[in-house]
Every structure is written in C-alpha cells, then in structure tokens.
Amino acid sequence: MAYQNLIVEIEDYTCLIRLNRPDALNALNSALMAELAAAVTAADRNDKVRCIVITGSEKAFAAGADVKEMATKGFADVFFDNLFGPEAEAIARCRKPVIAAVAGYCLGGGCELAMICDFILAADTAKFGQPEINLGISAGMGGTQRLTRCVGKSKSMDMHLTGRFMDAVEAERAGLVSRVFPAKSLLEEAMKIAAKITEKSTITAMIVKEAVNRAQETTLAEGLLFERRMFHAAFATEDQKEGMAAFLEKRTPQFRDR
Ligand code: HXC
C-alpha cells in the first residue's frame, strides 16, 4: 500500500513506521490516523514482522491531533466521527510488540499514541505533554486514562491541568518512558531493541504482551490467574521445548513460532 503520511519499511522482521507530515510537526489528521491504523494492522498480520517501531522526526514524534482539521468541527461532527476512536483501538489491538521511539514534541494525541504503544524509548530532546486544556478541550485518545495509570494521579493531573511539558529525564523518572538515549542514536537503539525482540519466539512475545496488558485492565486475582494459564499454555509450544533445550545445551535457541 502507498502511504501519503507515513514511511513504512520492513527489514529483518521489524516494521519501522515513520510519521511523515514534517510541515505540521506530524500533527495527526484523519488521513494519517487511517493510514497508521492500516499499517499497524497489516504489520500485525504479516509473517515477516515480529516487532513494530513507530517514530517521528527529530523535531517531533507528533505535536498532537491536527488543530486545523478540528477547529471548525461541532459536537455532532466529532461524536458521529468518533474522532480517532476506531484508529486508536485498531493500534491498541495489535498483538505484536509495538515500540514508540520519541524525539522532540510528543504532545496531546501524539503522547496518547506513544502511550498506546507497548513501551516508549525517548531521545534526550523529547518533550511530553497533554496541552489540550489550552485549546478548550480535554485529552480524547486515552490521555486522562493511560497517563494516570502510568505516572499516577498527581502528575497526570498536573500535566492535564497546566498543559506543561515534561522532559525526557522527568518522563523516565515518572515511568512514562523505559529508556532515554542521545537524540542522534535513538533510532539505531530502537532498532537494536526491536531486533532483540525479533530473536524471541513471537508466540511468547505475544503471550507476554497480552499478560502485561491484563495488569491494566483487571483485578490482581484475575490477572494472576490469566498469567498462570498463559504460562501453562506456553508448555504446549515447540518454542518452549526449544528454549529450554537450548539453555541446557548452552546454545542459542532457534524459535519457529510453533
Ligand atoms: C496542526 C500544527 C500542530 C497541531 C504544530 N502545527 N502543531 N498544526 N495541529 N497540533 C504546525 C504549526 O501550525 C506550524 O505550521 C508548524 O506545525 C510548526 O509549528 P510552530 O508552532 O511554528 O513550531 P514551534 O514554534 O516550534 O512550536 C512547536 C509546538 C507548537 C510547541 C509543538 O506547534 C504547539 O504548541 N503545537 C500544538 C500542540 C497542541 O496543542 N497539541 C494538542 C492538540 S489537541 P504553519 O503552517 O503555521 O507553519 C489533541 C487532541 C487529541 O492532540 C485527541 C484526539 C481524539
């Protein structure tokens, strides 16, 4: 598929998706979001993909939803459109690991998109924020929920109510970001981390993703039971036999996703 707002490359089992609206700091408009949902869904179904990396430019991961596109909309427009709801759900439904590699501005819908990903790697230039309040709206693609679960109520309220930006150091300290790299090496490091994941059994990686995501959705008892059953289920795979045999034989495992 030819994309107008993305650059998509698949190499060595990693699908790299670059948001590509440089003139608007990668602001998320309807066309970009539709393409992104399609690209992630296609990568999820593609046997040649085991991990997905979503990134932006040096200046911006994404500066939020496109204000020019939203400015004249009324309640009924966004209500019936369900603005970005289906696209966000499609990305969140992806069963393979998705990494956000964030440099520069990561604001509003951009921050929400990064939080839909499984984990966030940040450049030391990254700036995270939920500044929607300055536009007379609240976050609308998960920010009030995911940021709160991620960094706790106090910092989430601070971010949403003041609209201030958080730098990479604060974001890592708060648990929003898993690791920070110098901006010039962010993408290289993100691809190395993706490559590490592609070496694993994709079945196991998908089980892990499902189990960790349960922690966000359910009670501890239900989550522990889910984890236990997924752990048991892993023993039905050839990859479990291979992983354990390789350990005992002191060699690298050859996973076959079976
Ligand atoms: C549309 C945007 C944009 C956006 C930047 N641009 N952000 N266009 N929507 N969200 C455009 C600018 O209009 C400008 O285009 C060009 O990108 C460069 O931006 P500048 O403002 O000139 O750059 P700079 O001075 O460096 O400031 C960068 C910035 C600022 C701090 C990131 O652009 C900014 O505050 N952007 C808006 C951030 C925001 O409020 N995000 C939340 C959006 S609401 P021109 O053509 O003028 O040169 C949201 C809701 C999500 O995300 C819910 C979805 C369901």
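Bear in mind these aren't lab numbers, they're just calculated from the coordinates by the rules spelled out. None of these values were measured; they are calculated from a predicted model. Cβ placement follows ideal geometry from the backbone for every residue including glycine, while neighbour counts extend to all protein chains displayed.
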Quiz prompt | Cα-based convex hull, the range 86-168, per residue volume (Å³, whole number) | solution = 84
Quiz item: By its C-alpha gyration tensor, with a ≥ b ≥ c as the square roots of the eigenvalues, how is the range 131-170 shaped: rounded for a/c under 1.5, else prolate for a/b larger than b/c, else oblate?
Solution: oblate
Quiz item: So for the chain: antiparallel DSSP bridges make up what percent, rounded to the nearest 5?
Solution: 30
Exercise. For the chain, with a Gaussian network of springs between Cα atoms less than 10 Å apart, report the residue from 157, 115, 141 with the top mean-square fluctuation.
Key: 157
Exercise. Treat each spin label as a single point 7 Å out from the Cα along the C-beta direction, and report the residue 153 to residue 30 distance in nm.
Key: 3.8
Self-check item: Using distinct alpha-carbon pairs, which all enter the 1/r mean, Kirkwood radius of the range 196-258 in Å
Solution: 12.6
Quiz prompt | Global form of the range 1-93, assessed from the alpha-carbon gyration tensor, a/c cut-off 1.5 | solution = oblate
Quiz item: What number comes out for the charge environment of residue 70, summing +1 per Lys or Arg and -1 per Asp or Glu over other residues with Cβ under 11 Å away?
Solution: -3
Exercise. Could you tell me which of rounded, prolate or oblate describes the range 57-196, using a ≥ b ≥ c as the square roots of the eigenvalues of the alpha-carbon gyration tensor, with rounded for a/c under 1.5 and, failing that, prolate when a/b is larger than b/c and oblate otherwise?
Key: prolate
Exercise. Within 10 Å, count the other beta carbons around each residue, average over each peptide in 62-69, 36-43, 9-16, and list them highest first.
Key: 62-69, 36-43, 9-16
Self-check item: Whole-number D in µm² s⁻¹ for the range 41-129, Kirkwood Cα-pair radius fed into Stokes-Einstein, 37 °C, 0.692 mPa s
Solution: 233
Exercise. Could you tell me which of 166, 56, 243 has its Cα farthest along the dipole of the chain towards the positive end, charges placed at Cβ (Lys, Arg +1; Asp, Glu -1), taken about the Cα centre?
Key: 243
Exercise. Kindly provide log₁₀ I(q)/I(0) values, in the same order as q = 0.14 Å⁻¹, from the Debye equation applied to equal alpha-carbon scatterers of the chain.
Key: -0.98
Quiz item: R0 = 35 Å: FRET efficiency of residue 179 with residue 77, Cβ-based, nearest 0.05?
Solution: 0.30
Exercise. Take the Cβ-Cβ distance between residue 42 and residue 210 as r, set R0 to 30 Å, and report the resulting FRET efficiency rounded to the nearest 0.05.
Key: 0.90
Quiz prompt | Measure of compaction for the range 143-258 (Cα Rg per 2.2 N^0.38 Å) | solution = 1.39
Exercise. Can you tell me the relative contact order of the chain? Whole percent, Cα pairs under 8 Å, sequence separation 6 or more.
Key: 16
Quiz item: How many angstrom lie between the C-alpha centres of the range 90-134 and the range 55-80?
Solution: 14
Quiz item: What distance in nm separates the simple spin-label points at residue 220 and residue 161, each placed 7 Å from Cα in the Cβ direction?
Solution: 2.9
